[in-house]
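Q: What follows is a single structure, and I will ask about it in a moment.
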Amino acid sequence: MLTLAIQMSQINWGFLKKEILQSCVKVISFDAEGTLVTPAFSHAVWHEAIPAFYSQKNGIELAQAKKIVAMEYDKIGEQRQEWYDINFWFRHLHLGASEPVIQSCQDKVSYYPEIIDILSSLDSQYRLIIASGTPLELLHYLLRDVEPYFAHVFSSISHYRQLKTPDFYLQVCGEMNVKPGQVVHVGDNWQFDFLNPKQVGIHAFHIDRVGGNHQESLADLTQLKHLLSA
Ligand SMILES: [Mg+2]
């Protein structure tokens with residue numbers, strides 16, 4: 001009996017949530033990496049191409065270059081802006097121009113299988129945007145095949161010189177001329193895509209494609225489509 005009551009309350013909650021969301025939401029905001037685009041391109045840039053270039057420039061073994069570069073990444077850490085800033089790293093590691101290295105990885109860009117279907121079905125009902133922590137130099141490559149779906153692409157690093165903080169999300173809302181309650185954001189980072197947008201009143205959803213610790217996370221974007229499609 002108790003189980004049934006819990007199931008019923010979940011169904012009612014889901015129904016209400018869907019009704020409320022569809023009536024108030026105007027903008028759907030997506031993180032890019034790990035949400036729309038697989039990590040393959042970023043992995044190739046940060047962990048293959050940059051160490052390979054570093055090894056050539058300094059005349060050392062690739063394995064050793066990988067260790068040095070990884071240590072340098074660790075020293076900065078993902079809570080600092082520089083972690084995401086490709087130009088910072090090219091300066092810091094004395095590698096010259098970043099463009100040829102980024103270009104050499106472009107065949108690694110790939111999208112999760114449900115993405116095109118989701119974007120084409122939500123596109124007619126909502127304004128779709130990107131809210132990413134990736135700098136534009138990399139973001140344009142990542143979004144190559146899907147950019148026409150988006151009314152606006154926001155890079156917290158390139159446009160606002162900050163991480164995806166609560167303040168970044170407020171600025172995005174201001175730029176889109178909507179209130180936080182009219183925005184859904186989805187992304188794969190618990191802090192930057194879930195806690196921070198939620199803090200300013202955005203309807204935030206965490207996507208967990210590998211199946212981690214958070215029970216309320218979405219397994220993929222199909223669930224979001226069901227919640228938001230008429
Ligand atoms: Mg991400």
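The values are calculated or read from the model by the stated rules, or taken from the named source; none is laboratory data. In this text, all values refer to a predicted model and were calculated from it rather than measured experimentally. Here the Cβ positions follow ideal geometry from the backbone for every residue, glycine too, while neighbour counts run over all protein chains shown. Accessible surface is based on the protein model in full, side chains and every heavy atom, while ligands, DNA and RNA are left aside. Shrake-Rupley method; radii C 1.70, N 1.55, O 1.52, S 1.80 Å.
Q: Quick one: accessible area per residue over the chain, 1.4 Å probe, rounded to a whole number of Å²? Walk me through the intermediate numbers first.
A: Working: 11760 Å² over 230 residues.
In whole numbers, the chain has 51 Å² accessible per residue.
Q: Along each principal axis of its Cα atoms, how long is the stretch 40-107 end to end? Whole angstroms, biggest number first, please.
A: If we take the Cα atoms of the stretch 40-107, the spans are 30, 26, 22 Å.
Q: Next up: Just name one of N58, Y160, Y73: the one whose Cα is farthest towards the positive end of the charge dipole of the chain (beta-carbon charges, Lys/Arg +1, Asp/Glu -1).
A: Checking the options against the dipole of the chain, the answer is Y160.
Q: Give, in whole angstrom and from largest to smallest, the semi-axes √(5λ) of the equivalent ellipsoid of the stretch 134-230, with λ running over the eigenvalues of the Cα gyration tensor.
A: On the way: eigenvalues 85, 57, 45 Å².
Rounded to whole Å, the semi-axes are 21, 17, 15.
Q: Report ³J(HN,Hα) in whole Hz for each residue of the stretch 36-42, in order, from the Karplus equation J = 6.51 cos²θ - 1.76 cosθ + 1.60 where θ = phi - 60°; Gly and Pro get x.
A: These are the phi-based 3J(HN,Hα) values: 9, 10, 5, x, 4, 5, 4 Hz.
Q: Right, next: Say each of H226 and L21 gets a label point 7 Å from the Cα, pointing the same way as Cα to Cβ; how far apart are those two points in nm?
A: Here the answer is 1.1 nm between the modelled labels.
Q: Residue-wise, which Karplus ³J(HN,Hα) couplings in Hz belong to the stretch 68-74, taking 6.51 cos²θ - 1.76 cosθ + 1.60, θ = phi - 60°, and x for glycine or proline?
A: Each residue of the stretch 68-74 in turn: 4, 5, 4, 5, 5, 4, 4 Hz.
Q: Also: Which distance in Å, rounded to a whole number, links the C-alpha centroids of the stretch 151-192 and the stretch 39-80?
A: 29
Q: Can you tell me the 0 to 90 degree angle between the C-alpha axis of helix 166-176 and the longest principal axis of the chain, rounded to 10?
A: On a 0 to 90 degree scale, this one is about 70.
Q: Still on this structure, please answer the following. What value, in deg cm²/dmol to 500, does the helix sum -39500 (n - 2.57) over DSSP H runs of n ≥ 4 give at 222 nm once divided by the residues of the chain? Don't skip to the answer; put the middle values down first.
A: Working: 12 runs with 106 residues, N = 230.
One gets -13000 deg cm²/dmol as the mean residue ellipticity at 222 nm.
Q: Tell me, what is the 1.4 Å probe accessible area of S42, in Å² to the nearest 10?
A: Answer for S42: close to 10 Å² accessible.
Q: Mind grabbing the accessible area of D117 for me, 1.4 Å probe, Å², rounded to tens?
A: 80
Q: Regarding the chain, what's the average projected area of the Cα-atom convex hull, expressed in nm²? Working shown, then result.
A: Working: hull surface 55.4 nm².
Directional mean of the projected Cα hull area for the chain stands at 13.9 nm².
Q: Is there a pair in K26/K108; K66/K164; K179/K225; K18/K198; K26/K198 whose C-alpha atoms are over 24 Å apart, and which pairs would that be?
A: Details: K26/K108 33 Å; K66/K164 28 Å; K179/K225 21 Å; K18/K198 17 Å; K26/K198 16 Å.
Result: K26/K108; K66/K164 exceed 24 Å.
Q: Then there is this: Per the 1.4 Å probe, what fraction of the accessible area of the chain, in percent, lies on carbon and sulfur atoms? Don't skip to the end; give the middle numbers.
A: On the way: 6510 of 11760 Å².
Carbon and sulfur atoms account for 55 percent of the accessible area of the chain.
Q: Could you give the nm distance between label points at I116 and Y73, where each point is 7 Å from its Cα heading toward the beta carbon?
A: Going by the 7 Å Cα→Cβ label model, 3.0 nm.
Q: What nm value, rounded to one decimal, do you get for the distance between L136 and H43 when each label is placed 7 Å out toward the C-beta?
A: Between L136 and H43, the simple spin-label model gives 2.9 nm.
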